[in-house]
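The values are calculated or read from the model by the stated rules, or taken from the named source; none is laboratory data. Source: prediction; values computed, not measured. Glycine gets a Cβ as well: all are built from the backbone with ideal geometry, and neighbour counts include every protein chain shown. For accessibility, only protein heavy atoms count, side chains too; no ligands or nucleic acids. Shrake-Rupley method; radii C 1.70, N 1.55, O 1.52, S 1.80 Å.
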Amino acid sequence: MTTVRKIHASEILDSRGKPTVLVTMELSNGLRTNAAVPSGASTGVHEALELRDRDPKRYHGQGVLKAVANVNKIIAKKIIGLPTGRQEKLDRAMIALDGTKNKSQLGANAILGVSMAYARASARAENLPLYRHLGGEHARVLPMPMMNVLNGGKHADNGVDFQEYMIVPGGAKVFREALRWGSEVFQCLKSLLKQKGLSTGVGDEGGFAPVMKSNREPLEFLIKAIEDAGFKPGKEVAIALDPASSEFFSNGAYRLAAERRTLGVGKFIDYYETLAKQFHIISIEDGLAEDDWEGWRLMTEQMGKKTQLIGDDIFVTNIERLRLGIERKVANAVLIKLNQIGTVTETLETIALAKQAGYGVVISHRSGETEDTFIADLAVAAGCGQIKTGSVSRSERIAKYNRLLGIEEELGSRAKFAGFGMVRTCGK
Ligand code: 2PG
Ligand code: MG
């Protein structure tokens, strides 16, 4: 029997240069693994709590030494000696030890670091790749990437209200081809922006962040870039949006600063519908705000048959909130972020409920990432067919794509790629 011999957490930096938690785990057979925790910027208010030190003398209050100490001094004591392969037992023990609803006592960053490191350690102990350990023998579907090539909102500083404009190369036959298509479109987009004298500096997730006049102008650029790269918009490469609209929702309305107007929910849904038709938009995440349940229901009723509507801030990978959503006929897909909920077990449970209810599942990075590639394996393990892990630049994003290339190669002829086939709409 292999057991956990040592756990050690440290404070490291993420892709934005902000502190995050790294957990290293050593097993009784000498194997060592580690895991690093991601961090969001447009965080939903219902997310599990990311514990920060609030000590103004270090990292502007953003240090994570408390979370690190919680792993080293509190969690470690409980976990040392635990055999590998008991993920649920470990995660439930940490949830009980924390004792709060949102993991605010120990910090979701402390708990998740241990949970992820343990999953990886358990995989190594069984001599299995992580996706196989988490997903079993049938885990062989490579996810279609949703690539955030044009950034706005809280991830940039360019006057665009919507946070993410993504290209979706779902017409490709295999993952590596989809990745190439995405990269080629990205390069064409760069040339186009250059020609127009616009900035080609990149935002937090590696997409461009040029100053634009409206929220639709980026869509015009994307369509042109897709065509310039030699692909058919909609058929080969489609578009997806994450407006992250909780960020511009107030007093029951949506304030589009880029367009100097404020729209009520009904008008805003019509606006999305027009955009979706015009620009081959197959998927919209967080089209409406995190607590605008009635708006979400209307949007799902009006657009859900044609468009994948993904709940991120509204569900926060939380099984209770997703259950409410299913009951209320809200959205038809869920975004999955490990650190929104804080353990691997709860993440897998939320994925299972979504699948059971016929909701689409998209595994996602955070805007603050590290070189850790856990979510690439998770996407294959979940067999959900979709991943959102940023643009085709910046190594913390590319690391996930490169890991997927590796998994595809390892699976050889067993690898599958469903392309647009796993995009969910109501009634499909
Ligand atoms: C989102 C994410 C990731 P953040 O809104 O979906 O793209 O952003 O990590 O800042 O919440
Ligand atoms: Mg989002």
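Filtered by the rule that a residue be touching a Ser or Thr at 6+ places or on another chain (Cβ under 6 Å) and within 16 Å of ligand 2 (Cβ to nearest atom), region 333-346 gives LEU335, ILE336, LYS337, LEU338, GLN340, ILE341.
Just to be sure, is ILE341 under 19 Å from LYS103 (Cβ atoms) and either free of Cβ contacts under 8 Å to residues at least 12 places away in the same chain or within 14 Å of ligand 1 (Cβ to nearest atom) (or both)?
Here the answer is yes, as ILE341 does meet what is asked.
For ASN148, are the conditions met, namely being over 30 Å from ALA209 (Cβ atoms), polar (S, T, N, Q) and either open to solvent by 10 Å² or more (accessible area, probe 1.4 Å) or modelled with pLDDT of 95 or more (or both)? When the stated conditions are applied, ASN148 does not pass them.
Of all residue pairs spaced 6 or more apart or on separate chains, those with beta-carbon atoms under 9 Å, a first member in region 282-294 that is open to solvent by 10 Å² or more (accessible area, probe 1.4 Å) and a second member that is within 14 Å of ligand 1 (Cβ to nearest atom) and part of a helix (DSSP H, G or I) are GLU290/SER245; GLU290/SER246; ASP291/SER246; ASP292/SER245; ASP292/SER246. Here is the figure for region 204-221: residues that are under 20 Å from VAL168 (Cα atoms) and open to solvent by 10 Å² or more (accessible area, probe 1.4 Å) total 6. In region 222-235, the count of residues that are in contact with a Cys (Cβ under 7 Å, 6 or more places away or on another chain), away from ligand 1 (no atom under 16 Å from the Cβ) and open to solvent by less than 10 Å² (accessible area, probe 1.4 Å) is one or more.
Tell me the residue from ARG366, ARG397, ARG403 that is part of a loop (DSSP other than H, G, I, E, B) and at pLDDT 95 or above, please.
Result of the check over ARG366, ARG397, ARG403: ARG366.
With respect to TYR359, is the statement that it is among the aromatic types (Phe, Trp, Tyr), away from ligand 1 (no atom under 16 Å from the Cβ) and in contact (Cβ under 8 Å) with a residue 12 or more places away in the chain true? Criteria met by TYR359. Are any residues in region 317-332 crowded, with 24+ Cβ neighbours inside 10 Å and either more than 16 Å from ligand 2 (Cβ to nearest atom) or hydrophobic (A, V, I, L, M, F, W, C) (or both), and if so, which ones? Answer for region 317-332, where residues must be crowded, with 24+ Cβ neighbours inside 10 Å and either more than 16 Å from ligand 2 (Cβ to nearest atom) or hydrophobic (A, V, I, L, M, F, W, C) (or both): LEU322, VAL330, ALA331. Scanning region 372-380 turns up at least one residue that is under 19 Å from ASN109 (Cα atoms), aromatic (Phe, Trp, Tyr) and not in a strand (DSSP E or B). Here is the figure for region 85-113: residues that are acidic (Asp, Glu) and under 24 Å from the mean Cα position of the chain (by Cα) total 2. If you go through region 30-40 and keep only what is away from ligand 1 (no atom under 16 Å from the Cβ) and either open to solvent by 50 Å² or more (accessible area, probe 1.4 Å) or in a loop (DSSP other than H, G, I, E, B) (or both), you end up with GLY30, LEU31, ARG32, ASN34.
The number of residues in region 154-181 being outside any loop (DSSP other than H, G, I, E, B) and away from ligand 2 (no atom under 16 Å from the Cβ) comes to 8.
Could you go through region 394-404 and let me know if any residue there is closer than 30 Å to LYS305 by Cβ and either in contact with a Phe, Trp or Tyr (Cβ under 9 Å, 6 or more places away or on another chain) or aromatic (Phe, Trp, Tyr) (or both). If you could, list the steps in order and put the result at the bottom.
Applying the first criterion (closer than 30 Å to LYS305 by Cβ) to region 394-404 yields none.
Checked region 394-404: no residue is closer than 30 Å to LYS305 by Cβ and either in contact with a Phe, Trp or Tyr (Cβ under 9 Å, 6 or more places away or on another chain) or aromatic (Phe, Trp, Tyr) (or both).
Within the set ALA240, ALA244, ALA257, the sole residue that is touching a residue at least 40 places away in the same chain (Cβ under 8 Å) and more than 20 Å from MET303 (Cβ to Cβ) turns out to be ALA257. Mind checking whether some residue in region 184-198 is assigned to a helix (DSSP H, G or I), crowded, with 19+ Cβ neighbours inside 10 Å and within 16 Å of ligand 2 (Cβ to nearest atom)? Looking for residues that are assigned to a helix (DSSP H, G or I), crowded, with 19+ Cβ neighbours inside 10 Å and within 16 Å of ligand 2 (Cβ to nearest atom), one finds none in region 184-198, hence no.
Please tell me if LEU27 is among the aliphatic types (A, V, I, L, M), open to solvent by less than 20 Å² (accessible area, probe 1.4 Å) and away from ligand 1 (no atom under 16 Å from the Cβ). Step through it out loud before you land on a result.
Working: among the aliphatic types (A, V, I, L, M): yes; open to solvent by less than 20 Å² (accessible area, probe 1.4 Å): yes; away from ligand 1 (no atom under 16 Å from the Cβ): yes.
Answer is yes for this residue.
Candidates in region 283-314 are the residues that are among the small types (Gly, Ala, Ser) and away from ligand 2 (no atom under 15 Å from the Cβ); of these, the one that is nearest to the chain's Cα centre (by Cα) is GLY304. When each of ILE314, ILE284 is tested for being closer than 20 Å to MET144 by Cβ and β-branched (Val, Ile, Thr), the lone residue that passes is ILE284.
Confirm whether VAL4 is assigned to a strand (DSSP E or B), over 23 Å from THR317 (Cβ atoms) and of a type in the set (A, V, I, L, M). Yes.
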